[in-house]
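Everything on this sheet refers to the single structure shown next.
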Amino acid sequence: MARYLVTGGAGFIGSRMVRRLLERGDTAVVLDDLSTGFRENVPPGAEFVQGDLADPAVWEGLSPEGVDAVLHLGAQSSGEVSHEDPLRDFDVNARGSLLLLGWCERHGVRRLLHASSMAVYGNSDRPSAEDAPKRPGSFYGASKLAAEGYITLFARRGGAPTVFRLFNVYGPGQNLGNLKQGMVSIYMAYLLDGEPVLVKGSLDRFRDFVYVDDVVDAWMAALARPETAGETYNLASGRRTTVRELLDGLLAAFGRAGEDRVVQGEGTAGDIAGSVADISKIRRELEWSPKTELREGLGRMVRWARERRGASAREDV
Ligand code: NAD
């Protein structure tokens with residue numbers, strides 16, 4: 001049994017991670033400021049500390065008692081928001097990560113798993129391997145890349161970090177109320193409301209979608225493999241899906257295949273045309289492969305979203 005500090009554990013991916021830790025008998029303390037996460041996402045059984053990871057006082061006050069490792073998912077997680085407020089994005093993603101690393105060093109917590117992003121690569125026509133050029137097209141990508149730099153120094157100074165560059169993660173639990181983060185959840189929110197889908201940018205853009213439980217599996221595999229310390233892995237499906245294909249898949253999952261329900265708008269600042277991963281390294285070294293096909297994952301997510309809608313409609317009565 002181990003004890004984990006999970007930053008961002010009230011968010012979409014972090015809360016899924018905490019649930020898995022508790023299921024396997026570990027304990028978790030969540031640090032989250034609830035800026036995009038929700039208190040009710042934190043599974044019962046986890047401890048919760050509300051605080052801003054960009055605030056040094058939070059790290060002064062946070063007990064390291066018994067913490068074996070940190071899962072660092074707390075972040076300003078939207079490319080669009082990073083362009084509205086680049087300094088806040090920097091404060092949370094770069095400075096906040098640096099403060100966390102200082103806390104780890106002060107308290108002898110060596111093991112760290114970090115959620116970086118495909119945004120560090122920027123636009124790319126071809127699958128990016130981990131050593132591909134880093135040309136972030138957004139402030140978000142730049143702050144995530146800065147955090148990776150600090151983590152490299154942490155490793156040189158005795159830390160044992162593993163960095164995952166997550167591509168487009170989707171699945172149950174994604175925030176359907178946030179129209180600035182998560183391509184799948186944004187489009188799904190329109191469809192659930194019976195509204196046309198506003199697509200900001202070209203339908204020919206492509207992305208690499210990975211199901212949330214596959215992401216959790218990869219992190220759990222890394223926790224079981226100390227030799228992944230010092231390594232960086234793309235965490236993705238390795239498949240290129242255009243926005244048009246995603247919309248077709250979503251419409252099919254809603255039982256509305258063939259309908260034309262798209263309104264096109266201006267692209268958002270810093271958005272990229274294409275992003276797809278080469279996942280050879282994670283397949284080889286973690287013996288991990290994505291289990292959930294996009295069609296299957298979208299189907300599960302639509303069922304979850306409908307059940308949730310149904311439940312909240314009943315509560316309203
Ligand atoms: P999310 O917004 O649901 O989760 C982020 C969590 O961090 C939220 O609970 C939020 O309240 C918390 N947080 C934000 N600022 C904070 C601060 N200053 N102090 C403490 N907590 C703070 O997003 P997510 O999709 O679950 O993303 C989790 C991580 O994965 C993030 O680091 C994100 O950048 C990264 N990531 C996500 C994706 C994706 O497709 N979802 C892709 C690449 C990388």
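Values quoted throughout were computed directly from the atomic coordinates according to the rules given, and no laboratory measurement underlies them. Every value quoted in this text rests on a predicted model; they were computed, and no experiment measured them. We place every Cβ from the backbone using ideal geometry, glycine too, and count neighbours over all the protein chains shown.
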Given Cβ charges of +1 for Lys and Arg and -1 for Asp and Glu, the option among G265, T242, P290 whose Cα lies farthest towards the positive end of the dipole of the range 235-293 is P290
Just to be sure I understand the curve: with the Debye formula and one point per C-alpha of the range 1-148, what is log10 I(q)/I(0) at q = 0.11, 0.12 Å⁻¹? -0.42, -0.49
Under the Kirkwood approximation applied to all pairs of distinct alpha-carbon atoms, what is the hydrodynamic radius of the range 166-317 in Å? 16.6 Å
So the angle from the long Cα axis of helix 96-107 to the longest Cα principal axis of the chain, reported in degrees to the nearest 10, equals 30 degrees
Gain on full stretching of the segment that runs from D248 to E195 - 0.36 nm per residue minus C-alpha separation: 17.5 nm
Fewest-first sequence of S128, S143 by Cβ atoms within 10 Å of each Cβ: S128, S143
Percentage relative contact order, the range 133-220, counting C-alpha pairs under 8 Å, at least six apart: 25 percent
With +1 on the Cβ of every Lys and Arg and -1 on the Cβ of every Asp and Glu, the dipole magnitude of the chain about its Cα centre, in debye rounded to the nearest 20, is 600 debye
For the chain, what Kirkwood radius comes out of the mean inverse Cα-Cα distance, in Å? 19.8 Å
Could you give the nm distance between label points at A257 and D85, where each point is 7 Å from its Cα heading toward the beta carbon? 4.4 nm
Any aspartates and glutamates with Cα under 14 Å of the K200 Cα? List them, leaving off those in the same chain fewer than 8 positions away. E80, E266, D271
Per residue, how big is the convex hull of the range 85-125 when only Cα atoms are used? Give it in Å³. 73 Å³
Please pull out the direction-averaged projected area of the range 73-166, using the convex hull of its alpha-carbon atoms, in nm² to one decimal place. 5.8 nm²
With an 8 Å Cα cut-off and a minimum separation of 6 or more residues, compute the relative contact order for the chain in percent. 17 percent
Which distance in Å, rounded to a whole number, links the C-alpha centroids of the range 36-58 and the range 195-226? 23 Å
May I ask you to list the aspartates and glutamates whose Cα is less than 12 Å away from that of K144, ignoring any residue fewer than eight positions away on the same chain? D89, D91
Stokes-Einstein D for the range 127-208, Kirkwood Rh over Cα pairs, 37 °C, 0.692 mPa s (µm²/s): 210 µm²/s
Quick one: which residues, 5+ away or cross-chain, put their amide H under 5 Å from the amide H of D278? H built at 1.01 Å from N. S128, A129
Below 8 Å, C-alpha to C-alpha, sequence gap of six or more: please give me the relative contact order for the range 153-194 in percent. 24 percent
Alpha-carbon centroids, the range 250-300 and the range 129-187: separation in whole Å: 16 Å
